[in-house]
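Written out below as structure tokens is the structure these notes cover.
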Amino acid sequence: MKALSNMSRLQVSSDYLLLLIKVYEAKGKEFYYDDLFQRDKDIFKNKVIETNAFYLGKILKFNFTEPRLKHLSKKKLVPKNKQEALFLNIKKALHNIQNYPKEFEVLANEFDDLAKLLGKDVESAKFKTIDQKKDGTLFSNGNKINGRNELEELVKLYLKQEKTKQYELIQLIANFYVDYIHLEPFTLYNDIISYIILYAFLVKDFAVFKYVSFFESFYNVFDSYIQALNQANYYYSTGYPNVDLLQRLIVDILWSSYEKMNDFVRSYSFEKKLNKGDSIESTIRNGKEIFTKEDIRLAHPTVSKITIDRTLKRLKDEGLIQPLGKGRSSKWQRIDERKRRGGQQLDIFYFTEDV
């Protein structure tokens, strides 16, 4: 517990402080998000759960294909093996956090319950018990170090530091996280638990992650995360772990998420004023020439599948687009104005450019 117990070592750079101020300014707008997205909040919640599960699955490098990972993330499927059962348990944990973000408490029992959930129908995780010699001599009576006791001490220290109100929340979370990584209190799933608990800490106080996927951003900077963790680990034994990079990484994720949220708020507000079909048409007219139905779904997460299908059919009948292939993997092509002929569907090879 060398990180949390030595918080007085921390220093904050000016650029980090400025970015942190911007994050908290953006956080102040969260009440507006809840009001704006009230009508579609369940759609956003389910979308974020799917995306979080998918990218956390990629981080953990499960031994199944990416298409299978996508299906498991999106649908209620029966697991074929223990790896899939573990992934579905992870998805359940993310679902619980997304549904009740404010209910997360920093308690040893919370960690224990998560470990039990992860091990359901897979392999049970228990608190570690380690024998330790009292004074290092061969015949001395040893003490047993219990993972639960160690975790309870860490939790107690976190709550004590939080109560002082001397430290900013991200600092507390980052230092707790590094201590937990070194503690490894369970026999299994310590890495998975650390990722999920980090997310639970953040979504409880930063509501942007109700609408934007944390694990998508985390996956995109995972190499930087490993570097940040290595830096903290290098100095850990000295009692002065350097968590600067980890703190900065978390704040960077928060800021990029708020920026993404702001962009989405603008498009969502505009879309609310439009007919949804017209909004999809605008996306198609101004987007890529070749696109998939999934591209449209990602651009318009609150629009139903039926509305998307109906709009694509209308635009096809009007000659604005044409299908390329059939089935789930089929794509669509926008037809340039000069190639359109009175709404007639065109073959992909019908027109050729002069060369």
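The values are calculated or read from the model by the stated rules, or taken from the named source; none is laboratory data. Predicted, not measured: the structure shown is a model, and the values here were computed from it. Reconstructed Cβ throughout: ideal geometry from the backbone, glycine too, with neighbour counts over all protein chains shown.
Observations on the model:
- Scan the range 177-204 for residues that are charged (D, E, K, R) and touching a Pro at 6+ places or on another chain (Cβ under 9 Å) and the total you get is 2.
- Filter result (surrounded by fewer than 18 Cβ atoms within 10 Å (Cβ to Cβ) and part of a loop (DSSP other than H, G, I, E, B)) within the range 228-241: TYR235, GLY239, TYR240
- VAL221 vs. criteria surrounded by fewer than 18 Cβ atoms within 10 Å (Cβ to Cβ) and under 16 Å from the mean Cα position of the chain (by Cα): yes
- Residues of the range 191-227 classified as under 18 Å from TYR180 (Cα atoms) and either among the hydrophobic types (A, V, I, L, M, F, W, C) or not in a helix (DSSP H, G or I) (or both), total: 9
- Note on the range 32-126: enclosed helices (runs of 4 or more DSSP H) holding 3 or more residues that are within 14 Å of the chain's Cα centre (by Cα) are 41-60, 82-99.
- Any hit, the range 265-273, residues being at pLDDT 90 or above, assigned by TED's automatic domain parsing to the domain that holds LYS22 and either part of a helix (DSSP H, G or I) or closer than 30 Å to ASP35 by Cβ (or both): no
- Here is the figure for the range 183-203: residues that are surrounded by fewer than 21 Cβ atoms within 10 Å (Cβ to Cβ), over 22 Å from the mean Cα position of the chain (by Cα) and closer than 19 Å to LEU159 by Cα total 1.
- Taking the range 305-320 as the range and being under 11 Å from LYS293 (Cβ atoms) and either touching a strand residue (DSSP E or B) at 6+ places or on another chain (Cβ under 9 Å) or not in a helix (DSSP H, G or I) (or both) as the test, only LEU312 passes.
- The residues listed here are ARG285, ARG297; of these, the one that is basic (Lys, Arg), part of a helix (DSSP H, G or I), closer than 20 Å to ARG39 by Cα and modelled with pLDDT of 80 or more is ARG297.
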